[in-house]
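All remarks here apply to the structure that follows.
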Amino acid sequence: MADAYPRSMRESIGRVEATRPERMEVEPQRLSLEERREVLDSFHPDYKEGGKRKLLVGPSRGEFVPHEMADLLEAYPLIDPDQVDLGQVDHEVDVLIIGGGGAGTVAALSAHEAGIPADRILITTKLRHGDSNSMMAQGGIQAADKEHDSPPIHYLDVLGGGHFGNDPQLVRALVNDAPEVIRWHEKLGVMYDKDTDGRMLTIHGGGTSRKRMHSAKDYTGLEIMRVVRDEALSRGIRCLEFCPTVELIRDDQGQVCGAVLWNLETEEYTVVRAKATVLATGGWGRLHIQGFPTSNHYGATADGLVLAYRAGAGLRDLDSVQYHPTGAAFPEQIVGLLITEKVRGMGAQPLNVDGALFVHPLEPRDVESGAFIRECSSPEQGGRGNGVVTPTGMVGIWLDTPMVDIIHGPGTFKRELSAIWRMYARFDIDPATDPVLTYPTLHYQNGGVVIDATGATAVPGLFAGGEVSGGIHGKNRLMGNSLLDFNVFGRRAGIAAAEWARQAKPGRPTLEHAANYAQELQGAGVDRERKAPSVLPEYRGERTLARMVDLI
Amino acid sequence: MSAEQDMIRIYIMGKAYEVPGGLTIMKAMEYAGYRLVRGVGCRGGFCGACATVFRRAGDYKLYADLACQATAEDEMYIAQIPSVPAERASWVLTELAPEDNPILALYPEVARCVACNTCTRACPQELEVMDYIQAALRGDIPQVAELSFDCVQCGLCAMRCPAEIVHYHVGQLARRIYGAYRAPEAGHLAARVQETARGDFDQELDKLEQMSKDELVELYRKRDVES
Ligand SMILES: Cc1cc2nc3c(=O)[nH]c(=O)nc-3n(C[C@H](O)[C@H](O)[C@H](O)COP(=O)(O)OP(=O)(O)OC[C@H]3O[C@@H](n4cnc5c(N)ncnc54)[C@H](O)[C@@H]3O)c2cc1C
Ligand code: FES
């Protein structure tokens, strides 16, 4: 069979193999807090000039966000408020969930457990139930459940990872509920990796001080998402698919009391009235901030931020974008797809073109990514020019994946990292014998809608959980804390929404907030053509787009 | 190689399009001008939304794969499956007894498996699908759970099965029974849940929550890292 790697890359692999025996013997050095700062300031894309601007309107006016996000927040309603007849109600429920990923599904189950009957809960989502970032999580979920670990130790790790910019109450909720979440999963039938006595097999993640990463092979998100979705099905909780929300509805008192959905196939709108609404729309990877490829699912277009912001909720920490250090950089077909941090957790090291280790494999993500970019950037850009160049001109860093089997025994990679193994095997690359090439990929929305520890936003009747919300992870999330986040805050938001629904008495429904927001935009001189939410990214070929005409 | 030479011809639902070689089927369809709504989800091989059936020129056989993972080839005839209308049996985990093997009661068609192996051939994850259906027939739940673990529930197995078996739902049932009742419980986890419920860490967390940033940074610097 032809070598999947071209000659220049193969030669570099020779150098990776040559340095391996020596590297296996030494413990890599960690960076000091000062050294971390320096890498971030000089090489993390967040700190690059010109990538962000101040918001012109809305509750977080004056805050910096990436241009790609500002373009959506400073945009007119996709649907003209005057075209919608709110009097014709299609669904009337107690708890409306927007987003059928992890947070949304957990919120639905929790609202149900808090006493809301299944037929008074409605999940609505953009694609199919479960098509989400949650489904894609590979590496694991954190929880301090081992004897030598504790929620306070976990707390400190979360803060350190987030550069101490996190909301303490949210972090506390996160670490404190973590063991209970894992126990709940165990009871629902999630197959965590365990030894024969039932002890969880846990490893390190970037920035953890204890081995508390729980996993289900490298399909951790798939396994959790499959189980919670199946549980929702067995309880008879309905999900309206292919119906993204395009606007929230508020009543004359300002409380959120439902949503306007838009059927992606028939293109008609649907009105849902609800006593409480949970926003669980996930993140923003598909905005391709600063042109980066992304690891995220197709629907990760930041819609929830747009909807909540227009309805009056504040946003925070959106100036910080998470780039995962190890996105695939070769072959071309899989550029941007994720290679889980678990691979480094199991011993694989990042190496430059000479096979040299240039950073500890498990620094917090932003630092690790910054170090990758420094290694790959040319000396003219202030970098070290030590990246590996692919035939299409991408530059990347080797991830020395064969170390996994050398450390843990032959067959480990294929067995415990089967998703990654499979992804490369399609292109005749065996990561158990050859390293794979990586480069940072746009991965996670660190910030989001401001919530309190119950999952309530500043807008009455509106709750949020999961990646759409902010504050939990400060300026940088650690691996394994977002699967945890969607469970902890999905649950808290579901319970709080159930409680709210029991006493809420929504008044006259209106879309005035959207109309008012449009007026504000007009006052600020924003181009009328700009509309949001974006719902789906645009990947059609240029030739088609240039010739497209709207005829029938 | 010139740009023209790089182009290949694919047939999307029977219609020919020229697209650059080396794209995934999904990206090739988008290049051709399709804005995907169905048949796309994670774009990373995890969600099973992009089940695709195809044929190669000069070959009468139908193949199946994931559009987001498989590379488009010259003279490929492509159709996506927008939705799989298979039925999930109605059951509730807590109403199943731990020692039960409810598979045959809930999915009796499993007994009709003729061991033709079509399901296994259809599986884009290359799982031993027929083997787990045979294991289900024997009541070997751990085996079903293990062999079906990497399933992305695309439904291609069920669409091809001459015996109308819904393999991916059978796998889901077995995995949940295994995870909840057959796998040994994590003792340390149960113990920790008791401690958090009792509030054993509350004081320490109170203290941390009140600390200034400087104090926290100091603590963080001094923390010991498990090796
Ligand atoms: C490849 C990958 C690997 C990861 N690995 C890990 C890991 O190992 N550990 C970890 O802790 N975290 C990991 N993460 C992060 C983690 O998976 C996510 O942050 C988390 O699952 C988010 O959950 P969520 O429910 O908030 O959002 P999602 O799961 O993304 O769900 C959001 C849902 O809302 C829907 N939606 C969006 N807009 C609308 C709208 N307008 N109307 C209706 N519905 C809408 C979406 O389609 C989607 O179904 C990973 C993420 C990715 C992408
Ligand atoms: S789009 Fe999810 S598996 Fe292909």
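The values are calculated or read from the model by the stated rules, or taken from the named source; none is laboratory data. These numbers come from a predicted model, not from an experiment. Positions of Cβ are backbone-derived with ideal geometry, glycine not excepted, and every protein chain shown enters the neighbour counts. Only protein heavy atoms, including side chains, enter the accessible area calculation; ligands, DNA and RNA are left aside. Shrake-Rupley method; radii C 1.70, N 1.55, O 1.52, S 1.80 Å.
On inspection, A:TYR444 fails the criterion of being open to solvent by 40 Å² or more (accessible area, probe 1.4 Å), within 16 Å of ligand 1 (Cβ to nearest atom) and assigned to a strand (DSSP E or B). Among the residues of the range A:224-262, those identified as outside any helix (DSSP H, G or I) and among the aliphatic types (A, V, I, L, M) are A:ILE237, A:LEU240, A:VAL246, A:LEU248, A:ILE249, A:VAL256, A:ALA259, A:VAL260, A:LEU261. Among the criteria (1) in contact (Cβ under 8 Å) with a residue 12 or more places away in the chain; (2) over 26 Å from A:ALA524 (Cα atoms), the one A:SER32 does not fulfil is (1). Taking the range A:180-212 as the range and being closer than 23 Å to A:PRO152 by Cβ, open to solvent by 30 Å² or more (accessible area, probe 1.4 Å) and not in a helix (DSSP H, G or I) as the test, the residues that pass are A:ARG199, A:ILE203, A:LYS211. Among the residues of the range A:279-300, those that are closer than 19 Å to A:GLY221 by Cβ and either near ligand 1 (Cβ under 9 Å from one of its atoms) or without any contact (Cβ under 8 Å) to a residue 60 or more places away in the chain (or both) comprise A:ALA280, A:THR281, A:GLY282, A:GLY283, A:GLY285, A:THR294, A:SER295, A:ASN296, A:HIS297, A:TYR298, A:GLY299, A:ALA300.
Of all the residues in the range B:1-26, those that are free of Cβ contacts under 8 Å to residues at least 40 places away in the same chain, crowded, with 20+ Cβ neighbours inside 10 Å and either acidic (Asp, Glu) or not in a strand (DSSP E or B) (or both) number 0.
Looking at A:ARG310, is it within 14 Å of another protein chain (Cβ to nearest Cβ) and of a type outside the set (Gly, Ala, Ser)?
Criteria not met by A:ARG310.
Can you say whether A:GLY474 is touching a Gly at 6+ places or on another chain (Cβ under 7 Å) and either outside the structural domain of A:ALA274 (by TED's automatic domain parsing) or under 30 Å from A:ASP251 (Cβ atoms) (or both), as far as the supplied structure shows?
Criteria not met by A:GLY474.
Residue count for the range A:102-140 under the criterion of being within 13 Å of ligand 2 (Cβ to nearest atom) and away from chain B (no Cβ under 14 Å): the result is 0.
Please work out which residue is farthest from the other protein chains (Cβ to nearest Cβ), limiting yourself to the range B:158-210 and to residues that are exposed (fewer than 14 other Cβ atoms within 10 Å of the Cβ) and in contact (Cβ under 8 Å) with a residue 40 or more places away in the chain. Result: B:PRO162. Quick check on the range B:39-62: of everything there that is away from ligand 2 (no atom under 14 Å from the Cβ) and in a loop (DSSP other than H, G, I, E, B), which residue is least open to solvent (accessible area, probe 1.4 Å)? Among those that are away from ligand 2 (no atom under 14 Å from the Cβ) and in a loop (DSSP other than H, G, I, E, B), it is B:ASP59. Of the residues making up the range A:141-157, those that are without any contact (Cβ under 8 Å) to a residue 60 or more places away in the chain and more than 7 Å from chain B (Cβ to nearest Cβ) number 2.
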